[in-house]
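Asker: Handing you a structure now.
The values are calculated or read from the model by the stated rules, or taken from the named source; none is laboratory data. Source: prediction; values computed, not measured. In this analysis, Cβ positions are derived from the backbone assuming ideal geometry, glycine residues included, and neighbour counts consider all displayed protein chains. For the accessible areas, the whole protein counts, side chains as well, though only heavy atoms, and no ligand, DNA or RNA atoms are used. Shrake-Rupley method; radii C 1.70, N 1.55, O 1.52, S 1.80 Å.
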Amino acid sequence: MERSLKIVALALCALYAAPSHAQDADGTVTRAYVSNERSSTVTVVDLASGKAVAQWPVGKRPRGITMTRDGRYVLVCASADNAVEVRDPATGALVATLPSGADPEQFFASHDGKLLYAANEDDGAVTAIDLSARKVAWQVTVGKEPEGVAESPDGKWLLVTSEEDNSVAWIDLATHTVAGETETEARPRHVEFTPDGKQVWIAAEVGGVVQVADVASKEVVKTIRFAPPGAPDYKVMPCGIRFTADGKTAVVALGRADSVALVDVASGEVRGYVKVGARPWHLAILPGGGSALVANGASDDLSLVDLAAMKVTATIPAGEGPWGVALGR
């Protein structure tokens, strides 16, 4: 154990040079916050030491987790409480509870830092929450069982997946209306824009694929399939997707295949697979782009993955059912 902690500390200490989408205003990233849906807790990981340093009790069945854009607060989707919790990142203390609509699953902090977009699975809607006023700004009806949500880098589009309808809704943020839909393979769970905003990658969990849509046409232009060693096709269930800051590599969590895939963004070719813990849900690319921290929902731990070497360099205990990962101070 001591040797593994030394390895993770050395790996993490080398990673503070480049910015991350989940960071403080001054660019400093020192901690990871992990939502644990079965234990209703958040695990706090100190990145310098590679240790879990705190475990906060939070609302019921936390899933989505992110930081406010200014890095002041941790936001937690308490799905079973129909609420979004605002917490102090230093202590875990509850600062406020935001109205969120029914059963918030994933959410996305707007690029300008003013709004929080929450997908409401039970309502079939997406709710925009004014973070300053702490009230609902607007709400739009989308397909059944929405989960994944993301804003385009240019602030024009909000995309929301519908697990039951097998589609993605394109919400025009200027008018707050659905301007189009893209059909997908079965059960889309997550959407992620490439850093340049030209493509959006859609994880179709039951379809077992990631589909790449062109933002200009809203059409699927590529379908990426996966074949991790030793995993039957039915266990390949893509969910979380993150891109390295240079936009060259995508890391995809493959669910019950107990692996993540590294994909070349330009070609869509899979570069390789890394065996992680059981049932990886979501992940974060650590500053510097050399490593990823993966939440393993069925083994109750986190895997630190060296992306260049394509191997796990450390395993960090979490709570029960780790689901989402956010980076901050």
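Asker: So what J values fall out for segment 70-81 if you push phi through Karplus, 6.51 cos²θ - 1.76 cosθ + 1.60 with θ = phi - 60°, rounded to Hz, Gly and Pro as x?
Answerer: These are the phi-based 3J(HN,Hα) values: 8, x, 6, 9, 9, 10, 10, 7, 8, 4, 6, 9 Hz.
Asker: Let a ≥ b ≥ c be the square roots of the eigenvalues of the Cα gyration tensor of segment 24-140; is it rounded (a/c under 1.5), or, if not, prolate (a/b larger than b/c) or oblate?
Answerer: oblate
Asker: Starting at the first residue of segment 153-165, write each ³J(HN,Hα) from the Karplus equation 6.51 cos²θ - 1.76 cosθ + 1.60 with θ = phi - 60°, in whole Hz, x for Gly and Pro.
Answerer: Coupling constants for segment 153-165: x, 8, x, 8, 10, 10, 9, 9, 7, 10, 5, 7, 8 Hz.
Asker: Keeping every protein chain present and rolling a 1.4 Å probe, give me the accessible area per residue for segment 98-192 in Å².
Answerer: Here the residues of segment 98-192 average 38 Å² of exposed surface.
Asker: Under 24 Å from the Cα of LYS275, which lysines turn up, not counting those fewer than eight places away in the same chain?
Answerer: LYS6, LYS51, LYS235, LYS248, LYS311
Asker: Give me the distance in nm between label points sitting 7 Å out from Cα along the Cα-to-Cβ direction at GLU269 and LYS222, one decimal.
Answerer: Inter-label distance under the simple model: 1.1 nm.
Asker: Still on this structure: Compute the Cα gyration tensor for segment 103-220, then decide on rounded, prolate or oblate, letting a ≥ b ≥ c be the square roots of its eigenvalues: rounded whenever a/c is under 1.5, prolate when a/b is larger than b/c in the other cases, and oblate in all that remain.
Answerer: Cα axes put segment 103-220 in the oblate bin.
Asker: Also: In a Gaussian network model over the chain where Cα atoms closer than 10 Å are linked, find which of THR68, THR194, THR177 has the largest mean-square fluctuation.
Answerer: THR177
Asker: Give, in nm to one decimal, the length gained when the segment between ALA179 and VAL53 is fully stretched (0.36 nm per residue of separation minus the Cα-Cα distance).
Answerer: Result: 40.9 nm gained on full extension.
Asker: Tally up the carbon and sulfur contribution to the accessible surface of the chain as a whole percent, 1.4 Å probe, everything protein left in place.
Answerer: Summing carbon and sulfur atoms, their accessible area is 48 percent of the total for the chain.
Asker: Mind jotting down the distance between the C-alpha centroids of segment 276-290 and segment 145-166, whole Å?
Answerer: So the separation of the two Cα centres works out to 21 Å.
Asker: Give a residue-ordered list of calculated ³J(HN,Hα) values for segment 121-135 (Karplus: 6.51 cos²θ - 1.76 cosθ + 1.60, θ = phi - 60°; whole Hz; x for Gly, Pro).
Answerer: 4, 6, 8, x, 8, 10, 10, 9, 9, 6, 6, 6, 7, 6, 8
Asker: Using amide H atoms built in the peptide plane, which far-off residues or other-chain residues are under 5 Å from ARG69 H to H?
Answerer: Close amide H contacts, sequence-distant or interchain: none at all.
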